[in-house]
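Encoded as structure tokens, the structure appears first; notes follow it.
The values are calculated or read from the model by the stated rules, or taken from the named source; none is laboratory data. Keep in mind that what you see is a predicted model, and the values were worked out from it rather than measured. Glycine also receives a Cβ, built like all others from the backbone with ideal geometry; neighbour counts cover every protein chain displayed. Areas reflect the complete protein model, heavy atoms only, side chains present, ligands, DNA and RNA absent. Shrake-Rupley method; radii C 1.70, N 1.55, O 1.52, S 1.80 Å.
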Amino acid sequence: NEYFNRQRRSRGYDVMPSEGAFLKCIAALKRNDVACFVGDRDIGLGSIEVEFFGRPTLFPQGPARIALASGAPIFPTFILRRSNDAFVMRIDPAIPVPESGSRREKARAMTQRFANEVERYVRMFPAQWGVFHKYWPAPGESVETGAVM
């Protein structure tokens, strides 16, 4: 993680730790800045259960919660390596905010929609998705804690 953060900082990105990032992100969005998230990694802070490749797992709900609080859209964005080692960025249409439901229900629906987009890209470009940690619970483990049920 620190390696990737050093790479981001070397290119002028302000990398924030997840703890306390909510208010910093809201402030950045009010300044009309862009906030980017690694949205397919559960880091254990406010994650929510979604279905991913037909199995339950956890995705961070922070992007959805920030979008709901700020009114900023979530644009699923993917960086893909081409065969000539160049990169292309794909920005998909914004994830819509559900018209009804509680804040938690809306955040879950938006996070599920994002998980669906990630799954679609992984299916199209499987060699470009690296997983360096346990993604799904083992049989008999809880999704929320990884603890044996």
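Counting only helical runs of four or more DSSP H residues, what would the 222 nm mean residue ellipticity of the chain come to if each run contributes -39,500 (n - 2.57) and the total is spread over all its residues? Numbers along the way, then the final one.
Working: 4 runs with 50 residues, N = 149.
Estimated from H runs of four or more residues: -10500 deg cm²/dmol.
Cα-Cα pairs above 14 Å in the stretch 1-69: how many percent?
Values: 1513 of 2346 pairs.
Here the tail beyond 14 Å accounts for 64 percent of pairs.
So if a site counts as exposed when it's one of the trypsin sites (Lys or Arg not before Pro), its DSSP state isn't H, G, I, E or B, and it has at most 14 other Cβ atoms within 10 Å, what's the longest stretch of the chain without one? Intermediate values should be presented prior to the final figure.
Details: sites that count: R11, R31, R82, K134.
Counting at most 14 other Cβ atoms within 10 Å as exposed, the longest clean stretch of the chain is 83-133.
Within the stretch 85-119, list the GluC sites (Glu not before Pro) lying in a DSSP loop whose Cβ has at most 12 other Cβ atoms in a 10 Å radius. Working shown, then result.
Numbers: sites: E99, E105, E117, E119; in loops: E99.
Within the stretch 85-119, the qualifying GluC sites (Glu not before Pro) (loop, at most 12 other Cβ atoms within 10 Å) are E99.
Enter the Cα centre distance for the pair the stretch 90-128 and the stretch 13-33, rounded to the nearest angstrom.
Each part's Cα centre sits 21 Å from the other's.
Within 10 Å of each candidate Cβ there may be at most 15 other Cβ atoms; applying that plus a DSSP loop requirement, which chymotrypsin sites (Phe, Trp or Tyr not before Pro) in the stretch 1-83 survive? All intermediate terms of the calculation are to be shown ahead of the outcome.
Working: sites: Y3, F4, Y13, F22, F37, F52, F53, F78; in loops: Y13, F37, F53.
Loop-located and lightly packed - Y13, F53.
Once you sort the root eigenvalues of the Cα gyration tensor of the stretch 24-127 as a ≥ b ≥ c, which label holds: rounded (a/c under 1.5), prolate (a/b larger than b/c) or oblate (the other case)? Please report the intermediate quantities before stating the final value.
Details: a/c = 1.94, a/b = 1.26, b/c = 1.54.
Note, shape of the stretch 24-127 comes out oblate.
Would you work out what percent of the accessible area of the chain, with all protein chains in place, is carbon or sulfur (probe 1.4 Å)? Walk me through the numbers on the way to the answer.
Details: 5490 of 10040 Å².
Carbon and sulfur atoms account for 55 percent of the accessible area of the chain.
For the chain, what is the accessible area per residue in Å² when the probe is 1.4 Å?
Numbers: 10040 Å² over 149 residues.
Value for the chain: 67 Å² per residue.
So, R0 is 22 Å and r is the distance between the beta-carbons of A127 and Y3; what FRET efficiency does that work out to, to 0.05? List each step's numbers first, then the result.
Details: r = 20 Å, r/R0 = 0.93.
Efficiency, from the Cβ-Cβ distance: 0.60.
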